[in-house]
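Remarks on the structure that follows.
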Amino acid sequence: MSASQSAVRSRAEAVQVSRTFDWMILFTVFTAVLGGYHIHYMLTGGDWDFWTDWKDRRLWVTVAPIVSITFPAAVQACLWYRYRLPFGAVVSVLALMLGEWINRYLNFWGWTYFPVNFCFPSNLIPGAIVLDVVLMLSSSLTATAVIGGLAYGLLFYPGNWPIIAPLHVPVEYNGMMMTLADLQGYHYVRTGTPEYIRMVEKGTLRTFGKDVAPVSAFFSGFVSIIIYFLWHFFGRWFSKTDFVDSSNV
Amino acid sequence: MKIIKDKVAKLSFVALLMSLTAAMFYTPTASAHGEKSQAAFMRMRTIHWFDLNWSKDTVAVNDTMTISGKFHVFAGWPETVDKPEVSFLNIGIPGPVFIRAGSWIGGQLVPRSVSLELGETYEFKVLLKARRPGDWHVHTMMNVQGGGPIIGPGKWVTVTGSMGSFVNNITTLTGETINLETYNLSNIYFWHAFWYALGLAWLAFWVKRPLFVPRHIAVSSGKADTLISAADKKVALGFAVATIAIVAGSMGTTNEKFPVTTPLQAGLLRGMQPIQMPESTVSVKVDDASYRVPGRAMQMTLTVTNNGDSAVRLGEFNTAGVRFLDPAVLQDETAYPDDLLAEEGLTVSDNSPLAPGETRTVEITASDAAWEVYRLADLIYDPDSRFAGLLFFFDAEGNRQMVMIDAPLIPSFI
Ligand SMILES: [Cu+2]
């Protein structure tokens, strides 16, 4: 096949080829994001996402949105500005969560036997949907970062509460009070995760009494705005198609 | 065309492999067999475990066993390891093959981290409930912040039965009895499936139309605005409103269903009660100590003075969990792990009873394959070649006295 020949011969064939491309690109984006995002999230969010006894009202609420808005921002930048496709955040989060579920189910449960109700991933989908919709309706980087980023931070805790609330029921255990999540952490022995490395319920938000989750969520939302900007530009830069003039090479 | 197709297929395959690798990237630490690879000085000069007892060799799923004993926090704690100000009494098992049903230091439940004092001796107990059948090496273990895990002696325990029959029933403060092994599972699966489906629906709404090539052409030719219709915007708004409404609604119903919830409990536990060890009336001075590499034996010259009122004999030298006994004085009746027990490993040049007021200089040899097997001999390659251990003296009535020794060790290669 010479380079001057067209690859397709009719319009119908062109449509078909274009559609084949769609699926291939989508599949590639999905799996590549899954790999990169998953490693990134494990390294930054790590234990906060792995274990129920790390899912607290302060640090988990703060850390998880901040470190997870990264890839959605970058993929949005690519898909929206090059293709006007508003599903960058959702496709990233779906990829991440598929990877997480495979890992938690096969490795944490299948290989090491930690019960799934102790090591399931956090739910990031509500924030991702809103982030995509804000981008689509506003078509503005600033609006998406500010409104979408804030919403992403704010929706995280309530979006997970129906899943984790049952594990926050208190129990009296040998004369001490703890939540069922604490008890899971105590019962299901992790030799590599001693209790003291658990970063929960630490911080200086004491003046807010027992309503620290909304304050943490707001704080997380504000930082998410900044991270959104940052990763948006990573995405822009990464999806650049600059060609180098061959005479300069 | 075929070439491009092949290329994309190849790329997709690489991406798929990458993502699978990423998914397999992390498995929580399941192994507990670090004991031999841990630096010898860590095991000899930090926590000294003794009087250990594993209550069972074989235990059925759902049955319990205990590991109990004492540990002495070495006063000459090495400078290279952080002091045990924040420590956690752990258990060295390969993942949750047992659940830790309870753990106590000096009678106090220790589900959280504790602060330990150098030079003190503590009593501990760990209650384990068998969960997964198999042969497991069960170690005592202390995690020290800034120092890492300090692994103690391990013993093989067989768990019989089937994991499917394991139950972990807990009664909550709201009066419900639940099985923590499966509790909340269907709720987790339901919400994750629900949100995943909603995310997929949003994706499908876009993916059902031609995507990359035609849209890229439209965007490049300045017709980007035609790609989003008014109907699309309505659907998008619907998705956002539904998402927020479902989050708010499900949060409300959850709070109605679980009116009593508490935050996670955390924080350091202080004031662990050490045991009052009787003041030792035997004093020991290490004149010299050497390790003979070919003979796998440690030799010490000790000057022992008995300041008490009954005659004593040396029965045991214990270092890093390895026990060297003089069978004429002490025999093990606790079924201590074989590989850590040198029943006749202790030879004393003159082990006749040391009368009150008497001082005697004796040559002591502690020899056993354990020096090699447990890589304690590697001590001579440590930056600070010192050893430490516990000596146990006994009088005729069997009263025991514990003396800590700590001295430089000179290797001998011939
Ligand atoms: Cu072991």
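Every number in this text was worked out from the coordinates using simple rules, so none of it is lab data. Keep in mind that this is a model prediction, so the values were computed, not measured. Glycine also receives a Cβ, built like all others from the backbone with ideal geometry; neighbour counts cover every protein chain displayed.
Remarks
- Taking the helices alone, the protein assembly as shown has a mean residue ellipticity at 222 nm of -12000 deg cm²/dmol, built from -39,500 (n - 2.57) per DSSP H run of at least 4 residues and averaged over all its residues.
- Shown for A:L141, A:L34, A:L106: other C-beta atoms within 10 Å of each C-beta, ranked fewest to most, produce the order A:L106, A:L141, A:L34.
- The calculated FRET efficiency for the pair B:T80 and B:L185, based on their C-beta separation and a Förster distance of 60 Å, comes to about 0.85.
- Checking every one of the trypsin sites (Lys or Arg not before Pro) in segment B:188-286 against DSSP loop status and a limit of 12 other Cβ atoms within 10 Å picks out B:K208, B:K223, B:R270.
- Between B:S165 and B:D288, the simple label model (points 7 Å from Cα in the Cβ direction) yields a spacing of 6.2 nm.
- Residue of B:V159, B:V167, B:V241 that the Gaussian network model of chain B assigns the largest fluctuation, springs spanning Cα pairs under 10 Å: B:V241
- As a calculated quantity, the FRET efficiency between A:F218 and B:A231 at R0 = 30 Å, using C-beta atoms, amounts to about 0.30.
- Classification of segment A:17-237 by its C-alpha gyration tensor yields an oblate form. The axis ratio a/c (a ≥ b ≥ c) is 1.5 or more, and b/c is at least a/b.
- Taking B:S385, B:S229, B:S115 as the candidate residues, the one with maximal mean-square fluctuation in a Gaussian network model of chain B, Cα springs under 10 Å, is B:S229.
- Top of B:A75, B:A197, B:A130 by mean-square fluctuation, Gaussian network on chain B, Cα under 10 Å: B:A197
- Fewest neighbouring Cβ atoms within 10 Å first, the residues B:F71, B:F392 line up as B:F392, B:F71.
- Across A:K202/B:K83; B:K208/B:K234; B:K70/B:K285; B:K83/B:K129, pairs whose alpha-carbon gap is larger than 28 Å: B:K83/B:K129
- Helical segments meeting 27 Å axial Cα length and Kyte-Doolittle 0.5 threshold in chain B (DSSP H): B:2-24, B:185-207, B:230-257
- Aspartates and glutamates whose Cα lies under 17 Å from that of B:K56, excluding same-chain neighbours fewer than 8 positions away: B:D135, B:D332, B:E333, B:D338
- Mean Kyte hydropathy of -0.5 or more with a Cα span along the axis of at least 27 Å, helices from DSSP in chain A: A:11-44, A:212-238
- Label-reachable residues, segment B:70-108, where backbone N falls under 14 Å from a point 7 Å from B:D51's Cα toward its Cβ: B:70-73, B:105-107
- What the Cα atoms of segment B:279-397 give is an Rg and a Dmax of 14.3, 42 Å.
- In terms of its C-alpha gyration tensor, segment B:224-302 has an oblate overall shape, because the principal axis ratio a/c (a ≥ b ≥ c, square roots of the eigenvalues) is not below 1.5 and a/b does not outweigh b/c.
- Among B:D57, B:D368, sorting on how many other beta-carbon atoms sit within 10 Å of each Cβ, with the fewest leading, yields B:D57, B:D368.
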